[in-house]
Amino acid sequence: MEKISPDNTPVAVAVAEQEKKNFIEHFIDEDLESQRFDTVQTRFPPEPNGYLHLGHAKAICLNFGLAEKYKGVCNLRLDDTNPEKEDVEYVDSIKEDIAWLGFKWNELFYTSDYFPCLYNLAEELIKMGKAFVCDLNAEEMREYRGTLKEPGKDSPYRNRSIEENLDLFRRMKAGEFPDGSRTLRAKIDMTSPNLNMRDPIIYRIQRGHHHRTGDTWCIYPMYDFAHPLSDSIEGVTFSICTVEFEAHRPLYDWFLQNLNMPTQSRQIEFARLNVNYALMSKRKLKKMVDEGIVAGWDDPRMLTISGMRHRGYPGAAIRAFCESVGVAKANSTVDMAQLEFFVRDNLNYNAQRVMAVLDPLKVTITNYPQGKYENFDAVNNQEREEDGTRPITFGREIYIERSDFMENPVKKFHRLSPGRELRLLHAYYIKCEEFITDEAGNVIELLCTYDPNSRGGWCEDGRKVKGTAHWVAAHDCVEGEIRLYDRLFIKENPEDGELRDNLNPESLVIVKNAKLEKSLETVEKGSRFQFLRQGYFVADGVNEEGKPIFNRIVSLKDSFNKGK
RNA sequence: UGGGGUGUCGCCAAGUGGCAAGGCAGCGGUUUUUGGAGCCGCUAUUCGUUGGUUCGAAUCCAGCCACCCCAGCCA
């Protein structure tokens, strides 16, 4: 069963599958039915402290997808409560990546938009006697917090008067105290078995230039305080986050209830996405970039959104993949092969076929007249007839792939070897008569004959030529640089041991002098092609020699070289 | 070891008391001017485990086991 998505991409997911509801949708249905909410509003709330990756893509698809499905809205909120780690560079990349993936946020917000409001809500809490200024330093705080099995102890500052708390908090805001000297804490329960409820810090003093509010503030709200309140201020009904925040939910609810917020948003947690042979944590990805292990956040080997874009993965393929992995709460690691499947699935339909010889072996067709050339019509994409054909030129000297010739063929090899025939795609049958070697014994040229009666790749006598190969005409081709990308790590779980020790030394192999069919000389950067029998490639500008560069997006499945 | 979660095919994942969907991977076959794609099949008598309830349990109950998260003035 095949369904065509709006951008004309086939989605290899059964229709019935798409109609299946995940557990979050069951919750939503429940809340809509009970009239807890009458609309669906979600948000995607990244902290601008790094570039987005495939894990974020899953969250984006989920949040935007839910809003679309329930005819609600989804906003983008940059959760910028920690100036130390954040930067506009990240803000810009986040916006670009979401748009590239194909989603449009309803409104754009920043948590920093709410700093004044959040501050007032904190004062409210103080006035209710539910928050206090604490003078414990970080180390003391840790001691008072207790441990996993022992309860904590009340801070000696816990019973300050409301007036004193208000005065101290205002002076914290005014900049009268040094960084880290005091905090504002919610007054909940130091004996709670849930550590998050042991009088959590809601404001800290931290001088640092904020990328939007500059030096206006020297106190910043903590995530646990800012997040539920921001959600409520915006009217978010379903606040979807990852499972590690599950233990924070009681706190989330506590702030909404105690401050009697207008929207009692519902937090729902799902399991984050992991993919084998890859890293999916902003912190680790940043490390790879900072240590120069990769070329940057958009290195085509990284599963950042910008890396995948650079690699040539279509946004629609990423969306289809996210759709296919589903949403649940169990820890899981999805196979890289599943991601690659959706990339191929998309490109098989969308990418035009061309011929490119990566490891050229010269072939002279001895019975083809010198100086004669002829054109053949090559099908651009047999999956889409409307894409038509293009002319390709044939001549006496051509290049074929070195791996398409074997002096001593292994069994089941049905390409070229002495005395055997091979079909040149769209052209003729050729037969290998002789091969020439250099002093070292390497084959450097093939002497073949062609069968004039096999024009177009068919012969009326019906004789069987099983192998078909791609080729380019020596007089009508262009040289190019091909970058063969592969998985970055050799270990399924790259974090098992040192990252550096787990790197795949062949994650990037550069081929300098590939022979490409002439039509590839001037193609738009970002155009994607299928190099016949090899894989999908994306145009990535020209190199220092002026030769076009192509990045391998993903190889074709290969049942001959299976397992390699 | 306190609290919060999770365990269904190699990898994801439906399933909500009536007798194990689907996708990826794999394996056959068919077709093919890409060893691609397509098409047709096959692949869990069993749901972490042990007991219990029931005519009937992956689904309910109890115990046990395994794994993940929480002791940042990060998010």
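The values are calculated or read from the model by the stated rules, or taken from the named source; none is laboratory data. Predicted model, so just to flag it, every value in this text is computed and none were measured. No Cβ is skipped: glycine too gets one built from the backbone with ideal geometry, and neighbour counts run over all protein chains shown.
Of all residues in the stretch A:429-479, count the ones that are of a type in the set (S, T, Y) and either free of Cβ contacts under 8 Å to residues at least 40 places away in the same chain or assigned to a helix (DSSP H, G or I) (or both). Quick ask: steps written out before the conclusion?
Quick first cut of the stretch A:429-479, residues of a type in the set (S, T, Y) only: A:429, A:437, A:449-450, A:454, A:468.
Now drop any that are not either free of Cβ contacts under 8 Å to residues at least 40 places away in the same chain or assigned to a helix (DSSP H, G or I) (or both), which leaves A:429, A:437, A:454.
Residues in the stretch A:429-479 being of a type in the set (S, T, Y) and either free of Cβ contacts under 8 Å to residues at least 40 places away in the same chain or assigned to a helix (DSSP H, G or I) (or both): 3 in total.
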Among the residues of the stretch A:312-348, how many are under 20 Å from A:L279 (Cβ atoms), more than 8 Å from RNA strand B (Cβ to nearest atom) and surrounded by fewer than 20 Cβ atoms within 10 Å (Cβ to Cβ)? 1
Which one is surrounded by the fewest Cβ atoms within 10 Å (Cβ to Cβ) among residues in the stretch A:227-286 that are away from RNA strand B (no atom under 14 Å from the Cβ) and aliphatic (A, V, I, L, M)? A:M261
Looking at the stretch A:74-97 only, could you name the residues that are closer than 21 Å to A:A320 by Cα and more than 16 Å from RNA strand B (Cβ to nearest atom)? A:C74, A:K95, A:E96, A:D97
In the stretch A:466-517, what residues are within 30 Å of A:I430 (Cβ to Cβ), surrounded by fewer than 16 Cβ atoms within 10 Å (Cβ to Cβ) and in contact with a Pro (Cβ under 9 Å, 6 or more places away or on another chain)? A:E479, A:N513
Does A:I305 qualify as being surrounded by 23 or more Cβ atoms within 10 Å (Cβ to Cβ), β-branched (V, I, T), modelled with pLDDT of 95 or more and farther than 17 Å from A:N551 by Cα? no
Any strands (runs of 3 or more DSSP E) falling wholly within the stretch A:518-564 and containing at least 2 residues that are under 16 Å from A:A351 (Cα atoms) and touching a Gly at 6+ places or on another chain (Cβ under 8 Å): A:535-542, A:548-555
Log entry, pairs with first residue in the stretch A:136-164 being at positive phi and at pLDDT 95 or above, second being in a loop (DSSP other than H, G, I, E, B) and not hydrophobic (A, V, I, L, M, F, W, C), beta carbons closer than 9 Å, six or more apart or on different chains, reads A:G146/A:G152; A:G146/A:K153; A:G146/A:T191; A:G146/A:R198
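Does A:E495 satisfy being acidic (D, E) and within 16 Å of RNA strand B (Cβ to nearest atom)? Please lay out each step first, then the result.
Details: acidic (D, E): yes; within 16 Å of RNA strand B (Cβ to nearest atom): yes.
It is true that A:E495 is acidic (D, E) and within 16 Å of RNA strand B (Cβ to nearest atom).
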I need every pair where a residue in the stretch A:340-368 that is closer than 22 Å to A:Y450 by Cα has its Cβ under 8 Å from the Cβ of a residue that is of a type in the set (S, T, N, Q) and in a strand (DSSP E or B), sequence separation at least 6 or different chains. A:P360/A:N513; A:I365/A:T449; A:T366/A:T449; A:N367/A:T449
